[in-house]
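J.: I'd like to ask some things about the structure below.
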Amino acid sequence: MPAETGRLLIINGPNLNLLGTREPEVYGTATLADVEEICRTAASAHGLAVEVVQSNHEGELVDAVQSVRGSAERPGADGIVINPAAYTHTSVALRDALGAVARPAVEVHISNVHAREEFRRHSYISPVVDAVIAGAGLTGYRLAVDLLAERLQD
Ligand code: DHK
């Protein structure tokens, strides 16, 4: 396994702590711990470390995005995978945070948001990220990690 040469931050928004029991017909039966495992395994194959965070609170998600710049308490990150969950469709604050930090970022949705209610078709986040993956289930997180690894190599 190569030594870790970079770091990704995986950010999950509201209600994703309930993965596994939440509307399994939409989100499946895998848990947030499974998301973490998928991301860690994929990142490690590229020599990248990951940190996985989840919050139900918009401001905490903004703080997490800003944390990629690094501080005395916390190392920074080179790229972001974010499933903003419901804040996808409402949060100008999260969009502005992603626009501000200048890191490659991928927006992931477990479900195909375009095949669901009309309000899920609009994302405040998509215009400020590098790629959007929706409807691939948890595989979307792996694809996002692979894509960021490729971008970070360039
Ligand atoms: C998760 C949510 O919680 C919803 O609010 C989004 C997203 C879709 C997902 O598919 O991962 O609309």
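The values are calculated or read from the model by the stated rules, or taken from the named source; none is laboratory data. Just so it is clear, the model here is predicted, and its values are computed rather than measured. Here Cβ is always computed from backbone atoms with ideal geometry, including for glycine, and neighbour counts include all displayed protein chains. Calculation scope for accessible area: heavy atoms of the full protein, side chains included, ligands and nucleic acids excluded. Shrake-Rupley method; radii C 1.70, N 1.55, O 1.52, S 1.80 Å.
J.: Among the residues of the stretch 108-154, which ones are more than 12 Å from the ligand (Cβ to nearest atom), part of a loop (DSSP other than H, G, I, E, B) and open to solvent by less than 50 Å² (accessible area, probe 1.4 Å)?
T.: 129
J.: So is residue 77 crowded, with 17+ Cβ neighbours inside 10 Å and closer than 17 Å to residue 141 by Cβ or not?
T.: Numbers: crowded, with 17+ Cβ neighbours inside 10 Å: yes; closer than 17 Å to residue 141 by Cβ: yes.
Yes; evaluated as a whole, the condition is true for this residue.
J.: Among the residues of the stretch 20-38 satisfying the criterion of being surrounded by fewer than 16 Cβ atoms within 10 Å (Cβ to Cβ) and of a type in the set (Ser, Thr, Tyr), which is farthest from residue 138 (Cα to Cα)?
T.: 21
J.: While we're looking at this one, here's another question. Residue by residue through the stretch 75-106, note down the ones that are within 25 Å of residue 146 (Cβ to Cβ) and away from the ligand (no atom under 16 Å from the Cβ).
T.: 75, 76, 77, 78, 79, 97, 98, 99, 101, 102, 103, 104
J.: Identify the single condition in (1) in contact (Cβ under 8 Å) with a residue 12 or more places away in the chain; (2) farther than 19 Å from residue 22 by Cβ that residue 118 does not satisfy, given that it satisfies every other one.
T.: Failed condition: (1).
J.: Another one. Pull out all pairs, ordered by first then second residue, where Cβ-Cβ is under 7 Å, the residues are six or more apart or on different chains, the first lies in the stretch 4-16 and is touching a residue at least 24 places away in the same chain (Cβ under 8 Å), and the second is part of a strand (DSSP E or B) and within 7 Å of the ligand (Cβ to nearest atom).
T.: 12/83; 13/83; 16/83
J.: Separate question: Of all residues in the stretch 43-74, count the ones that are part of a loop (DSSP other than H, G, I, E, B) and closer than 22 Å to residue 149 by Cα. First the steps, then the outcome.
T.: The initial filter retains those residues of the stretch 43-74 that are part of a loop (DSSP other than H, G, I, E, B), namely 46-47, 55-57, 70-74.
Those left that are additionally closer than 22 Å to residue 149 by Cα: 46-47, 70, 74.
Number of matching residues: 4.
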